[in-house]
Amino acid sequence: MATATHCPYCALQCAMRLAPAAEGVSMNDGGAAASKGMSGPVAAQGPALTVAAGAGPAEAATGLAAPGTGLAVAGRDFPTNRGGLCRKGWSSSALLNSPERLTAPLLRGDDGSFRPIGWDEALDLAAGAVRSAQAMHGQDAVGVFGSGGLTNEKAYQLGKFARLALRTSRIDYNGRFCMSSAAAAGNRAFGLDRGLPFPLQDLDDAGTILLLGSNVADTMPPFVQHLKGARDAGGLIVVDPRRSATAALAGAGAGLHLAPTPGTDMVLLMGIAHVVLQEGLADTDYIARRTAGFEELRRSLNRWWPARVQEVTGVPAALIRETAHRLAGGARRASGQPVNGTGGTYILTGRGVEQHVDGADTATAAINLALLLGLPGSAHGGYGTLTGQGNGQGGREHGQKADQLPGYRKITDPAAREHVAAVWGVRPEDLPGPGVPAVEMLMSLGRPGGVRCLFVHGSNVAVSAPDANEVIAGLRRLDFLVVADFFMSETAAEADLVLPVLQWAEEEGTMTNLEGRVLRRRAAIDPPAGARSELWIMSELARRLEAPTNFSTDPETVFDELARASAGGPADYSGLGYPLLDSGAEAYWPYPAGSTGTRRLFMDSFAHADGRARLIAVAPAVPTDELHRPGELTLVTGRLLEHYQSGTQTRRVAELSAAQPGLALQIHPVTAHRLGIEAGDRVTIGNGRGTVTGVAEVTQDIRPDTVFLPFHFPGGQSANRLTPAATDPVSGMPEFKTSSVTVSVLEKAGAL
Ligand SMILES: Nc1nc2c(c(=O)[nH]1)N[C@H]1C(S)=C(S)[C@@H](COP(=O)(O)OP(=O)(O)OC[C@H]3O[C@@H](n4cnc5c(=O)[nH]c(N)nc54)[C@H](O)[C@@H]3O)O[C@H]1N2
Ligand SMILES: Nc1nc2c(c(=O)[nH]1)N[C@H]1C(S)=C(S)[C@@H](COP(=O)(O)OP(=O)(O)OC[C@H]3O[C@@H](n4cnc5c(=O)[nH]c(N)nc54)[C@H](O)[C@@H]3O)O[C@H]1N2
Ligand code: SF4
Ligand SMILES: [Mo]
């Protein structure tokens, strides 16, 4: 019996089928479909992986596979992945019967080692720690750190649990590291943030796609199928300081690769916008009808003529002009054509431009450019951000963000408080006010006035948060740290109490993909005895803490409540339910009761009261020449195809960790030569915050003034030992993408 579900990892949420390995599944139905139309990243495809089956029965009494049973993965046809999966997806079921799986609550003893305890004792201890922290230090001494990896049900319940059971305002989540800058920019410009306001298939026939700071060929390989039209038209324009796998897709006549100085994208975008205005390429009719703020924006762009932009970004003025003309040409050619008409223009951003102290303004500059070209809410193009985590979209809608209530409502809005309080059966004044963003909360750990007792659900902040040494010190200062995970992550290893929870294929729920489409995640296997669902944990803790309302343990009941709580809000799910989702209906939010959802947003008007999008003048946050200190290199960080995030999961998949066993530093040959570094040497990368060691990978695919590290590894290989905790004032997004470092040889390759 095969279970139709979606991949546990990224926001593409590729559709897959899981079947007990013994039964087997058609190994090729997905793989074959995937290899059509995918060039470069096809190498990332592999055969369906069959996990060595334990000796257990093929099916348990529940109709699900028994714990320990191997499950085989097959790609499933779906409009986003068309049967394709990347290497992480193919190997995802390996973790379901991992010997490292946590199966009992673990309590840290005085000697620092963990011992298994019963659930009652564990929950009593956690509730006691909450009570004592709050008795001594006030309600906000308890904090919650959530995740864009949680299902909608868990994310929603976590927000309610923090506000009503823990009675704290201190809740935020790792989406702050991921989606906050683009979300802030989208809300500001359009009045609403849905990562892609159009279905992914709309990209298929685009003639021009400007992709800034996104490496989809590694981070969402099956996505590359949707770039084919633009590549065939010679119109894929990739902006990345590295020749990433995605930038390489723009080679050989498929488009352009612009490699700016890291952190200068805002200036680059303003330069392109300057040319658009100067050379009469703007859609003046659209600007007049659909936007506000044009005059101020125009003035702000005056000083960014191409030669000046070249000086700051290093991108040749001629390429800046060519980009402007290609974008505008595409938009013009296609305007007036029906939706999905060929030749449209899309502007898409990823973390490379968003994870900066001016990330919200940089995303705003991308939106401004799209608006000047008349793209958003048109039939011939648009702007979108490529959401990252599995439920990075839903995770930002249901109230686990410090300033937010379910339905993407503001916690400071009296009408929102009243609506949600009524659904929860409490008074509006029972709801705390806004808390603080993730980095501020992490930096407050164990300090006076800060959080003393922290619950972490679905994040490995000891590896993934900026200035990780400081974060680990904070975790150690806490009076009590509770981490819910299914593996002993580096953060769980710092905990007083570790609670073993369920993995993706062991529980029911929903995820909202990068298009704002709500999908069903289904259970395919029974969980191991000893692990518990997070809904159950929250319900048990809420009871112990005498919460004033009920916390259901049933995902469908929680979803129905979430739908009611979201009714009338920007992310309205009130017309959705499991039966509808199970039918495979296309469920794009907003999906108010009685509607059929919203595939494309903004076609008639934007979500501001006057229906107009806002053009917002922005300026670089720091004098751009400060980005480079003499003698130092700029470190940019990001991802490898084989590993997911902090690596807790993928480092435990043998096939993936064999492919990428440890930290490698990308460095340009000229820079390497200057520093006496050869390929394969062990090198030290350091700055005032910390030091890491890795192996030098000497490559032409990076600017000479820039080096690159992935952030997937812990300890002495953790890139976040080097990143600063500085944040964007608008979004609270940390500056993950640029820091200054020095690099030196630790050990020559020959000496190893
Ligand atoms: N394999 C894999 N896939 C993933 C994930 C993973 O961990 N591993 N994580 C998922 C998640 S949560 C996310 S958020 C997405 C992220 O997906 P992406 O945004 O594609 O990933 P990153 O590698 O962080 O950054 C993309 C690119 O930005 C470039 N970059 C760095 N600094 C700058 C800059 O200043 N300007 C410009 N223009 N580019 C810059 C980097 O060189 C890199 O190639 O991936 C999702 N998919
Ligand atoms: N230097 C640098 N740092 C970065 C980034 C970067 O580009 N550069 N990117 C940032 C971005 S975009 C992101 S999204 C973050 C991600 O970084 P993290 O927030 O650390 O994300 P994961 O590594 O996915 O951690 C998820 C943890 O939760 C567990 N887990 C998975 N599912 C569940 C669940 O349903 N419940 C519970 N309780 N646990 C679960 C996993 O086993 C794992 O230990 O990293 C950020 N950090
Ligand atoms: S692209 Fe993302 S969702 Fe698709 S298989 Fe790979 S990790 Fe899973
Ligand atoms: Mo992310």
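Values quoted throughout were computed directly from the atomic coordinates according to the rules given, and no laboratory measurement underlies them. Quick caveat: nothing in here was measured; it's all calculated off a predicted structure. Here the Cβ positions follow ideal geometry from the backbone for every residue, glycine too, while neighbour counts run over all protein chains shown.
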What's the ranking of 469-478, 542-551 by average number of surrounding C-beta atoms within 10 Å, highest first? 469-478, 542-551
Tally Lys and Arg at +1 and Asp and Glu at -1 over the other residues with C-beta under 12 Å from the C-beta of TYR578: what net charge comes out? -3
Restricted to the chain, the DSSP antiparallel beta bridge percent, nearest 5, is 45
If I require 24 Å or longer along the helix axis, counting alpha carbons, and a Kyte-Doolittle average no lower than 0.0, what helices from the chain are left? Use full DSSP H segments. 119-137
Using only the alpha-carbon atoms, what does the stretch 232-315 span along each of its principal axes? Please give whole angstrom values in decreasing order. 39, 30, 19
Sorted by Cβ neighbour density within 10 Å, fewest at the top, the residues VAL461, VAL518: VAL518, VAL461
Close lysine pairs (the chain; alpha-carbon distance under 18 Å; 8 or more apart or on separate chains) counted at 5
Considering Cα pairs under 8 angstrom that are at least six residues apart, work out the relative contact order of the chain and quote it in whole percent. 17
Could you rank the peptides 278-285, 585-592, 641-648 by their average count of other C-beta atoms within 10 Å per residue, with the highest value first? 641-648, 585-592, 278-285
For the stretch 452-457, in residue order, the Karplus 3J(HN,Hα) values (coefficients 6.51, -1.76, 1.60; θ = phi - 60°; whole Hz; Gly and Pro = x) are 10, 9, 10, 10, 10, 10
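Sort SER169, SER181 by Cβ crowding within 10 Å, fewest neighbours at the top.
Ordered from fewest to most neighbouring Cβ atoms within 10 Å, SER169, SER181 come out as SER169, SER181.
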Would you mind ranking THR291, THR723 so that the residue whose beta carbon has the fewest other beta carbons within 10 Å leads the list? THR291, THR723
Divide by every residue of the chain the summed helix terms, -39500 (n - 2.57) for each DSSP H run of at least 4, and state the resulting mean residue ellipticity at 222 nm, rounded to the nearest 500 deg cm²/dmol. -7500 deg cm²/dmol
Could you let me know the centre-to-centre spacing of the stretch 259-274 and the stretch 429-448, using Cα atoms, in angstrom? 34
proj_area_mean for the chain (convex hull on C-alpha atoms), units nm², value 30.3
Note on the stretch 67-129: the mean projected area of its alpha-carbon convex hull, in nm², is 7.5
Two decimals is fine: what's Rg over Rh for the stretch 626-751, C-alpha atoms, Kirkwood radius as Rh? 0.97
